[in-house]
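Student: The structure is given below, and queries will be raised subsequently.
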Amino acid sequence: MKKMKYVLACCLLLLFGVSAFSQTDSTDHKTVADVFNASLSNAEREFVSAAEAMPADKYSFAPTNGEFAGVRTFALQVRHVASANYEFGSVILGEKNPVDMGAQENGSDTLKSKDEIVKYLKDSFAYLHKAMDSLNEQNLVAPIKSPWGKATITRLQIAVLAESHPFDHYGQMVEYLRMNGIVPPASRR
């Protein structure tokens, strides 16, 4: 509970900080949806570019040396984030999740090729942007039913989780890329 209050406080500070430093001209006013979509676009850009950088024949790669027993393959990292994007988006929108979450929330096992997986990922970000578009000052902190057993949660909590979750897996993907001699796109700039 303390962690959720801390996350909520940080998000509110972020939102208020952005508005405090923005110009007062009404044409420059950003909506809640604008702020969350901009942040999501950053996560999307980094994550999709990493997914695209791995060659198709390396999508089944998972480290085996050291303490890596049982970790997700590169493909499963991508599929997991895409599946979670759909789940987060459906909670924000109050809709039934449109995809099969699969075992361990890794998406459908029918997704095999790099092209299929990258398309699934891009489509998941489009769906999550649709959800972010629905956020506003009135619904941001209204209680909604949590899909994870807690009585209630807010769209703000889900939106923050949706923006941070890809980066948990991005770090792992960067390691996988480097283990295969590939410099991640974000490091090439």
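Here, each number is a calculation from the coordinates, and none is a lab measurement. Small disclaimer: the values here were computed from a predicted structure and weren't measured. Counting neighbours? That spans all protein chains shown, and the Cβs are built from the backbone with ideal geometry, glycine included.
Student: Which of the aspartates and glutamates could a cross-linker bridge to Lys114, judged by Cα under 19 Å and excluding same-chain residues fewer than eight apart?
Tutor: Result set, ordered by chain and number: Glu44, Glu46, Glu52, Asp57, Asp100, Glu105, Asp123, Glu175.
Student: Let me ask another. Which residue, Ala50, Ala62, Ala151, tops the fluctuation ranking in a GNM of the chain built on C-alpha contacts under 10 Å?
Tutor: Ala151
Student: Here's something else I'd like to know. In a GNM of the chain with a 10 Å cut-off on Cα contacts, which of Phe125, Phe36, Phe61 has the highest mean-square fluctuation?
Tutor: Its mean-square fluctuation being the largest, the pick is Phe61.
Student: Most mobile of Val71, Val32, Val48 per a Gaussian network model of the chain (Cα springs, under 10 Å)?
Tutor: Fluctuation is largest for Val71.
Student: Next up: Which net charge results when you count Lys and Arg as +1 and Asp and Glu as -1 among the other residues whose beta-carbon is under 9 Å from that of His80?
Tutor: Details: positive: Arg72, Arg79; negative: Glu105.
Result for the neighbourhood of His80: +1.
Student: On to the next question. Please list, or write none, the aspartates and glutamates whose alpha carbon is within less than 15 Å of the alpha carbon of Lys30, excluding same-chain residues fewer than 8 places away.
Tutor: Correct list for Lys30: Asp133, Glu137.
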